[in-house]
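The values are calculated or read from the model by the stated rules, or taken from the named source; none is laboratory data. Since this is a predicted model, take the numbers as computed values, not measurements. Note that we place each Cβ from the backbone using ideal geometry, even for glycine, and neighbour counts take in every protein chain shown. Only protein heavy atoms, including side chains, enter the accessible area calculation; ligands, DNA and RNA are left aside. Shrake-Rupley method; radii C 1.70, N 1.55, O 1.52, S 1.80 Å.
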Amino acid sequence: MLIDTHAHLFDERFAKDLPAVLARAAAAGVERVVCLGIDLESSRASVAIANAHPLVVAAVGIQPNHAAEAKPGDWDEIVELAQREPRVVAIGETGLDRYWDRAPFALQEDYFARHIELSRRLNKPFAIHCRNAEADVVKALREHSAKGPLRAVMHSFSGDLATARECLDMGLYMSFAGMVTYPTAQTLRDVAKEVPLDRLLVETDCPYLAPQPVRGKRNEPAYVAHTTALLAQVKGVSVAEIEEHTTRNAKALFVL
Ligand code: NI
């Protein structure tokens, strides 16, 4: 069985056929999908989808590229959802992004800190988005890890080996998405090879960046099987072994 640890099922590209998408996921061996919000509206939608579909659980948060759009009161409602809703298993997605430059960096850092503190207070893990901001993310995590262990995942990891080692050092899980399957991503595969099986997670980050061989299509949770198969090759183990470890890891992190 498989767990897609990062999906955005509220995306309008799923509006017409979500039940069919989830049926295909189940048929492909996916036993759970974590649907993560990127702002208040999509966090509410993620909770609604989780409440309607037993296959899905939710995470709530304000993604760094959406931090500038957040209205006063949005964060309080995120906190309220995280506290109140039993199917909210995680906080996020959160993190830092220097690629898009859609929100002032200091504001991103402020929101990142809030998510980490909420994670600690509610004892729910958090999911980290990091784009062109590896050093900043590691620095922030180091500061917070001084206060106690972090329960978190580096989602769709795309950093280098040194960053991966820093994150593993702090006890984080490392999740790989479709990007790791792309022909040009040998450097990322070399990083994935070094991540111990007991820290490895898989995800789609759907609807974005479908893995080979379905690249270019709308991504969906069933396709996490392709990324899993690739990771088995990279690690030189059986697909069953990757499935077993990543599913066990996801259950441990998200308490599923
Ligand atoms: Ni995402």
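Structure summary
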item: Accessible area per residue, Å², the chain with all protein chains present, probe 1.4 Å; result: 42
item: Length added when fully stretched, Arg248-Lys147, from 0.36 nm per residue minus Cα-Cα; result: 33.7 nm
item: Shape of the range 185-256, Cα gyration tensor, a/c cut at 1.5; result: oblate
item: Assigned charges on the beta-carbon of Lys, Arg, Asp, Glu; the chain dipole about Cα centre (debye); result: 420
item: For the range 119-231, diffusion coefficient by Stokes-Einstein and Kirkwood Rh (Cα), 25 °C, 0.890 mPa s, µm²/s; result: 169
item: Cα shape, the range 111-183, gyration tensor, a/c 1.5 rule; result: prolate
item: The range 89-144: chymotrypsin sites (Phe, Trp or Tyr not before Pro) in DSSP loop, at most 13 other beta carbons within 10 Å; result: Tyr99, Trp100
item: Protein accessible area in the range 117-250, 1.4 Å probe - carbon and sulfur %; result: 51
item: Length released on extending from Leu209 to Trp100, taking residue separation times 0.36 nm less the Cα-Cα span; result: 37.6 nm
item: Taking the chain and dividing mean pair separation by its residue count, relative contact order in percent (alpha carbons under 8 Å, at least six apart); result: 19
item: The range 1-103: trypsin sites (Lys or Arg not before Pro) in DSSP coil with no more than 11 other Cβ atoms inside 10 Å; result: Lys16
item: Of every Cα-Cα pair in the chain, the percent that sits beyond 25 Å; result: 37
item: Relative packing of 196-205, 246-255, which averages over residues the other C-beta atoms within 10 Å, highest first; result: 196-205, 246-255
